[in-house]
Amino acid sequence: MATLLGSVLWSFKAQRYPDVASFVAAVHDYNMRVVQREPDWNPEEVVIEAQRVRVNYESVRGDAYDFASTEVTTPDPRGFTAGYLLWRLHEALAQENLADHCFFEGLTRVRGGTPPLWELRQGS
């Protein structure tokens, strides 16, 4: 199964970004700092042709990891661009306790439907 945006490095943290442009710049800076190269993505490319998606992820609930999900939307009738999708996920997860599972490793599609369901691949 292919991983969407699997080559983009990112770490979910509490910092918020006011818009997609400032977020995309932060992703660029993070990749340059960590691996000294540009991220391998086109943030303007439509990567999911739906205006709403549900994403499963793991976060700490109480004293253990547990599964959770979030739903994100885009006003773009074409669907989610890569930059907008990752920004909305970051904003949705910024207040979650991801502990050491805070590194983005891409998304895998679980099923289609309305909304389509994706799973966040998290690394430590």
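The values are calculated or read from the model by the stated rules, or taken from the named source; none is laboratory data. It should be emphasised that the depicted structure is a prediction, and the values quoted were computed from it without experimental measurement. Glycine gets a Cβ as well: all are built from the backbone with ideal geometry, and neighbour counts include every protein chain shown.
Looking at the range 18-26, can you tell me whether even one residue there is modelled with pLDDT of 95 or more and in a loop (DSSP other than H, G, I, E, B)? Within the range 18-26 (the criterion being modelled with pLDDT of 95 or more and in a loop (DSSP other than H, G, I, E, B)), the answer is yes, since at least one residue qualifies. There is at least one residue in the range 27-40 that is modelled with pLDDT of 95 or more, basic (Lys, Arg), exposed (fewer than 12 other Cβ atoms within 10 Å of the Cβ) and in a helix (DSSP H, G or I). Candidates are the residues of the range 61-99 that are part of a loop (DSSP other than H, G, I, E, B) and among the polar types (S, T, N, Q); the one that is nearest to Ala26 (Cα to Cα) is Gln95.
Taken over the range 6-16, residues that are surrounded by 11 or more Cβ atoms within 10 Å (Cβ to Cβ) and within 16 Å of Cys102 (Cβ to Cβ) amount to 7. On the stretch given as the range 88-120, residues that are touching a residue at least 60 places away in the same chain (Cβ under 8 Å), in contact with a strand residue (DSSP E or B) (Cβ under 7 Å, 6 or more places away or on another chain) and of a type in the set (Val, Ile, Thr) total 1. Determine whether the range 106-116 contains at least one residue that is touching a Ser or Thr at 6+ places or on another chain (Cβ under 7 Å), among the basic types (Lys, Arg) and more than 14 Å from Phe12 (Cα to Cα). Checked the range 106-116: no residue is touching a Ser or Thr at 6+ places or on another chain (Cβ under 7 Å), among the basic types (Lys, Arg) and more than 14 Å from Phe12 (Cα to Cα). Six or more apart or on different chains, Cβ under 8 Å: which pairs go from a residue in the range 33-57 that's among the acidic types (Asp, Glu) to one that's assigned to a strand (DSSP E or B) and modelled with pLDDT of 95 or more? Could you list them? Cβ pairs passing all conditions: Glu44/Thr81; Glu45/Thr81. Annotation note: of Ser69, Ser124, Ser59, the sole residue that is hydroxyl-bearing (Ser, Thr, Tyr), out of contact with any helix residue (DSSP H, G or I) (no Cβ under 9 Å at 6 or more places or on another chain) and surrounded by 11 or more Cβ atoms within 10 Å (Cβ to Cβ) is Ser69.
Filter the range 52-65 down to the residues that are within 15 Å of the chain's Cα centre (by Cα) and not small (Gly, Ala, Ser) and list them by number. Within the range 52-65, Arg52, Val53, Arg54, Val55, Asn56, Tyr57, Glu58 qualify.
Per-residue answers, yes or no, for (1) modelled with pLDDT under 95; (2) buried (at least 19 other Cβ atoms within 10 Å of the Cβ); (3) not aromatic (Phe, Trp, Tyr):
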position: Asn42; (1), (2), (3): no, no, yes
position: Glu45; (1), (2), (3): no, no, yes
position: Gln51; (1), (2), (3): no, no, yes
position: Ala64; (1), (2), (3): yes, no, yes
position: Pro77; (1), (2), (3): no, no, yes
position: Gly83; (1), (2), (3): no, yes, yes
position: Val110; (1), (2), (3): no, no, yes
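Please find, among Glu96, Glu119, Glu91, Glu71, the residue that is under 14 Å from the mean Cα position of the chain (by Cα), modelled with pLDDT of 95 or more and either among the β-branched types (Val, Ile, Thr) or closer than 17 Å to Arg16 by Cα (or both). Among Glu96, Glu119, Glu91, Glu71, only Glu91 is under 14 Å from the mean Cα position of the chain (by Cα), modelled with pLDDT of 95 or more and either among the β-branched types (Val, Ile, Thr) or closer than 17 Å to Arg16 by Cα (or both).
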